[in-house]
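The values are calculated or read from the model by the stated rules, or taken from the named source; none is laboratory data. The structure presented is a predicted model; accordingly, all values stated were derived computationally and were not measured. Positions of Cβ are backbone-derived with ideal geometry, glycine not excepted, and every protein chain shown enters the neighbour counts. These accessible areas exclude ligands, DNA and RNA; they are computed on the full protein's heavy atoms, side chains included. Shrake-Rupley method; radii C 1.70, N 1.55, O 1.52, S 1.80 Å.
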Amino acid sequence: MSLAVPADAAVSAEASRRRTFAIISHPDAGKTTLTEKFLLYAGAVAEAGAVKARAGRRRATSDWMALEQQRGISITSTVLQFTYRDHVVNLLDTPGHRDFSEDTYRVLAAADAAIMVLDVAKGVEAQTLKLFEVCRARSLPVLTFLNKYDRPGRDPLELLDEIEAQIGLRPTPATWPVGIPGDFRGVLDRRDGGFVRYRRTAHGATAALEERLDAERAVVEEGNAWQQAREEAALLDEVGATLDVTSFLAGKTSPLFVGSALTNFGVRHLLDAVVDLVPPPEARVGTDGSTRPLDAPFSGFVFKIQANMDPAHRDHVAFVRVCSGRFDRGMTLVHAPSGRPFSTKYAASVFGSERDTIDVAYPGDVVGLVNASSLQIGDTLYDAEPVAFPPIATFAPELFASARPRDTGRHKQFHRGLTQLEREGVVQVLSDPDGDPVPVLAAVGAMQFEVFAHRLAHEFGAEADLSSVPYKVARRTDRETTDHLRQVRGTRVLARADGTLLALFESPYYLQRLEQDHPDWRLDPIVGAGAVP
Ligand code: G4P
């Protein structure tokens, strides 16, 4: 009986079976398909097709967002939990649109690893690059999946070079393709030198048929394709592109798998790697430098807030990543920033707008707290011994727009919406310390402005006029430098809600000149992946 197991031992055991990761990719590289195939291989769905069907239902039942429908994209992030090989896998979905948003970055703050999905015909694309910078800033371990091998594509050796050159991450193939893109027979498993031959099933709806052959039989049956794979694998051995767990965990090398999510080829290998290689949750360090052990009382932090997901209830869901202890629905926690009690009567696991009540959760899991309007991104919640985790970095904005209510009679609604949407992290809101009342919105992706305007109109009843302002780059500054910058054309200093002063520049070259001419001015570059500490 589980009652015989001391509670903290049970927490450690549960934590060690958790694997919490996100998939990062360029739109269309196959993230949704792969997610669906993971569910298929985990036995969570009997046939592929469920994820898209659920996504369809979500669109049908929620106007969050009509915008999603118009643009045919997914803006909302979701969390998916399933079990595989007696492990609990938490897949944090990142928004799949072409634009970057701060949401994606924040989701990565809650993940212990990422899978980078690349289309074999395209290689590294802009979005992957940007997301990867965030992984690197956090030293997040990354697995790579070279997808769509069933179609004509590029030479895989060339792609390895490209990955290393463009993102500075050294791929270490665990499997290597037998057959060329478009004529994909199976993989050479570099871990034992054997051949795994795949056969399709109709529409990829059920697991691919896999047959394991030893090298002798592979020579006879696959001839040249096998020979070529062997030669390429020998080359990889020679250059030392071989799986190394330590450098993977340090975010320096990336175990690589080839496959086709559509036909299910290679999906099992990748899912096995999630269990075998992705690290389980680790104890997190609080702002005071002390470590909160996994088996300490409950603690967690809010990494995402989503309001009005269900139009029938104007609600507010805060997604909390559990860092330590056991979560029991109904427990009263402490909200670290205010010291106030927080009731968790309404806890849910959320997938799109579908909810299941969640009763128990462990480190690595994500809990959606409903009616959590007092929580903000980055807030820590804890039980018993106090802890506060460091804030989630906000990102250096790259796009700016001034915002005015279209109808001045709806000034109040406009400001209510502005405050709420800023708290949810939809956009950053900058104000003029010299008193210009027109706020400036700041974002890392243009989509954030669209979401802002749409939600302001539909949820708060205030249409907004946004006009872009021509700044391109931001630097952190101080009062003294602000006084100097008042005399400089093409710049403006604005304040974030927390008081940080941001100097905005119309031209990066101009900024460069100012930095050269005035080395004593404080114009701090944004560190890491654009994080403003
Ligand atoms: P995303 O979430 O990363 O945006 O990509 P998604 O899985 O939606 O896949 C984008 C398109 O690529 C889909 O085709 C999907 O079927 C296809 N795809 C995904 N994996 C593979 C693969 O391994 N091989 C091949 N050949 N195609 C793949 P679509 O036509 O846009 O959509 P659908 O009508 O098939 O759903």
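So which of 130, 148 is basic (Lys, Arg), crowded, with 21+ Cβ neighbours inside 10 Å and within 16 Å of the ligand (Cβ to nearest atom)?
Values: 130 fails: crowded, with 21+ Cβ neighbours inside 10 Å.
The conditions single out 148.
Across the stretch 84-97, not a single residue is classified as open to solvent by 10 Å² or more (accessible area, probe 1.4 Å) and farther than 23 Å from residue 267 by Cα. Does the stretch 452-473 include one or more residues that are surrounded by fewer than 22 Cβ atoms within 10 Å (Cβ to Cβ) and within 22 Å of residue 522 (Cβ to Cβ)? Scanning the stretch 452-473, I find at least one residue that is surrounded by fewer than 22 Cβ atoms within 10 Å (Cβ to Cβ) and within 22 Å of residue 522 (Cβ to Cβ), so the answer is yes.
Could you figure out which of (1) modelled with pLDDT of 95 or more; (2) touching a Gly at 6+ places or on another chain (Cβ under 6 Å) isn't true of residue 320? Among (1) modelled with pLDDT of 95 or more; (2) touching a Gly at 6+ places or on another chain (Cβ under 6 Å), residue 320 violates only (1).
Here residue 146 passes the criteria (1) among the hydrophobic types (A, V, I, L, M, F, W, C); (2) under 16 Å from the mean Cα position of the chain (by Cα); (3) within 20 Å of residue 248 (Cα to Cα); (4) at pLDDT 85 or above except the one numbered (2).
Scoring residue 482 on the criteria (1) buried (at least 18 other Cβ atoms within 10 Å of the Cβ); (2) among the polar types (S, T, N, Q); (3) closer than 30 Å to residue 132 by Cβ leaves a single failure, condition (3).
Listed by first and then second residue, the pairs linking a residue in the stretch 246-263 that is not assigned by TED's automatic domain parsing to the domain that holds residue 154 and at pLDDT below 95 to a residue that is away from the ligand (no atom under 16 Å from the Cβ) and open to solvent by 10 Å² or more (accessible area, probe 1.4 Å), with Cβ atoms under 8 Å apart and 6 or more places separating them unless they lie on different chains, form an empty list.
Looking at residue 136, is it touching a residue at least 12 places away in the same chain (Cβ under 8 Å), within 28 Å of the chain's Cα centre (by Cα) and open to solvent by 30 Å² or more (accessible area, probe 1.4 Å)?
So residue 136 passes the test.
Scanning the stretch 400-421 turns up no residue that is within 20 Å of residue 108 (Cα to Cα) and open to solvent by 20 Å² or more (accessible area, probe 1.4 Å).
Condition check ((1) open to solvent by less than 20 Å² (accessible area, probe 1.4 Å); (2) at pLDDT 90 or above) across all residues:
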position	(1), (2)
190	no, yes
196	yes, yes
201	no, no
206	no, no
210	no, no
219	no, no
226	yes, yes
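Does residue 237 satisfy the criteria of being modelled with pLDDT of 90 or more, of a type outside the set (A, V, I, L, M, F, W, C) and open to solvent by less than 70 Å² (accessible area, probe 1.4 Å)? Taking the combined requirement at face value, the residue does not satisfy it.
Among residues that are in contact with a Gly (Cβ under 7 Å, 6 or more places away or on another chain) and open to solvent by 40 Å² or more (accessible area, probe 1.4 Å), residue 181 is not included.
Suppose we filter the stretch 492-509 for residues that are open to solvent by 60 Å² or more (accessible area, probe 1.4 Å) and modelled with pLDDT under 90; how many remain? Qualifying residue count for the region: 3.
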